[in-house]
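Chemist: The following block contains the structure, expressed as structure tokens.
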Number of protein chains: 2
Amino acid sequence: MEHNLNNTISLLARTPAALNALLRDLPEFWTLQNEGEKTEGGKTWNAFDVVGHLIHGEKTDWMPRAKMILQFGETKSFAPFDRLAQETESRGKSLPQLLDEFARVRAANLEELRALNLHPEDLDRRGLHPSLGVVTLSQLLATWAAHDLTHLHQIVRVMAYQYREAVGPWSVYLGVMKCNGHSS
Amino acid sequence: MEHNLNNTISLLARTPAALNALLRDLPEFWTLQNEGEKTEGGKTWNAFDVVGHLIHGEKTDWMPRAKMILQFGETKSFAPFDRLAQETESRGKSLPQLLDEFARVRAANLEELRALNLHPEDLDRRGLHPSLGVVTLSQLLATWAAHDLTHLHQIVRVMAYQYREAVGPWSVYLGVMKCNGHSS
């Protein structure tokens, strides 16, 4: 399956607006409640946490890693990604502020990505992930889009969790109520 | 957990715009591909199919059932819901047309719901589901919202499926790639 960069960019460009349409001014019942404590300890994430995590990815993960691949190839591994950075970075901010910030940093990154004017052969260039080993620029960019989807999937699941009792017997028909999270 | 009708309406009001922001003019790679054949035969759904299904629910399921509860209580069971109606009803339409239609029928239904001016005691009124037995108006309305979420969850999962190979080794970190669908 060849990676079509236009498909990736089309999706990446829409995620901020989709989250904005779903979450802005939605009652905190939906956006600030999570799925409770994890069995191994620690809080699960709510929609507010996830949007903060997406912002942190824009700042430190996707484009910085793409540029590392282009500059250093496999000679230097990516900096590990801090999955809890939003706990401090989102502090004191409102969800509308985070949605605005996500839209802004995503748009700037896509502008930078387009300016790289990548050719198909560039997508085969290889980099070094600190845990996964050798990866390609193509895989990194596809993962950027799929990472949006995994967190949209998560936000929707966390929201549905708030109605797990309210739906009564219908829960048997609602697949999202049976989703155990698959670790994210 | 008491059912707060404002929370339900807030969510129901946002789903058409969220789907519109995510799906309108997105490449068909994302919107017309599904998850392949089911093991028990038949096609899985793509985003286009799901939006058609949501439209059919607006026309035949949620508000008609709410009005049946108010009119007939437990004396008359709901008409079964046709889960495959969109196969004929969506034929010849484009996804933007379906997104417009979903927004229109949802808005009309919410207007009708608000006009019912339901009081908390109305939410306890009971009706008869053809398979689930006795249900309450509260459960029906909560399920209307949760049904949006289960299908958002599904659409996002089906989209992620299209990148299951493109992400390469990152798939281990992407929960959505491990979601087996939970039957919807």
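Chemist: Considering segment B:128-161 alone, what residues qualify as being among the hydroxyl-bearing types (Ser, Thr, Tyr), crowded, with 23+ Cβ neighbours inside 10 Å and more than 8 Å from every other protein chain (Cβ to nearest Cβ)?
Modeler: None; the set is empty.
Chemist: Test each condition in (1) out of contact with any Leu (no Cβ under 7 Å at 6 or more places or on another chain); (2) at pLDDT 95 or above for residue A:119 and report the one that comes out false.
Modeler: It fails just one condition, (2).
Chemist: Just one of (1) in a strand (DSSP E or B); (2) open to solvent by 20 Å² or more (accessible area, probe 1.4 Å); (3) within 10 Å of chain A (Cβ to nearest Cβ) trips up residue B:164, so point out which.
Modeler: Among (1) in a strand (DSSP E or B); (2) open to solvent by 20 Å² or more (accessible area, probe 1.4 Å); (3) within 10 Å of chain A (Cβ to nearest Cβ), the lone unmet condition for residue B:164 is (1).
So that you can scan it fast, the table gives a plain yes or no per residue for (1) more than 22 Å from residue A:50 (Cβ to Cβ); (2) more than 18 Å from the chain's Cα centre (by Cα):
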| residue | (1), (2) |
| --- | --- |
| B:121 | yes, yes |
| B:132 | yes, yes |
| B:143 | yes, no |
| B:181 | no, no |
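Chemist: Taking segment A:83-100, which residues are open to solvent by less than 50 Å² (accessible area, probe 1.4 Å) and either modelled with pLDDT under 95 or touching an Asp or Glu at 6+ places or on another chain (Cβ under 9 Å) (or both)?
Modeler: A:85, A:86, A:90, A:95, A:96
Chemist: Residues that are open to solvent by 50 Å² or more (accessible area, probe 1.4 Å) and within 24 Å of residue B:128 (Cα to Cα): list the helices (runs of 4 or more DSSP H) wholly contained in segment B:1-82 that include at least 2 such residues.
Modeler: Output list reads B:47-60, B:62-72.
Chemist: Kindly indicate which of B:114, B:104 is under 19 Å from residue B:53 (Cβ atoms), part of a helix (DSSP H, G or I), under 21 Å from the mean Cα position of the chain (by Cα) and more than 12 Å from every other protein chain (Cβ to nearest Cβ).
Modeler: None of the others qualify; the one that does is B:104.
For every residue, the table says whether it meets (1) out of contact with any Leu (no Cβ under 8 Å at 6 or more places or on another chain); (2) within 12 Å of chain B (Cβ to nearest Cβ).
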{"residue": "A:3", "(1), (2)": "no, yes"}
{"residue": "A:8", "(1), (2)": "no, yes"}
{"residue": "A:15", "(1), (2)": "no, yes"}
{"residue": "A:31", "(1), (2)": "no, yes"}
{"residue": "A:40", "(1), (2)": "yes, no"}
{"residue": "A:46", "(1), (2)": "no, no"}
{"residue": "A:64", "(1), (2)": "yes, no"}
{"residue": "A:71", "(1), (2)": "yes, no"}
{"residue": "A:79", "(1), (2)": "yes, no"}
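The values are calculated or read from the model by the stated rules, or taken from the named source; none is laboratory data. Owing to the predicted nature of the structure, the values given are computational and were not obtained by experimental measurement. Quick reminder, even Gly has a Cβ in these numbers, built from the backbone with ideal geometry, and neighbours come from all protein chains shown. Surface accessibility is based on the protein's heavy atoms, side chains included, excluding ligands, DNA and RNA. Shrake-Rupley method; radii C 1.70, N 1.55, O 1.52, S 1.80 Å.
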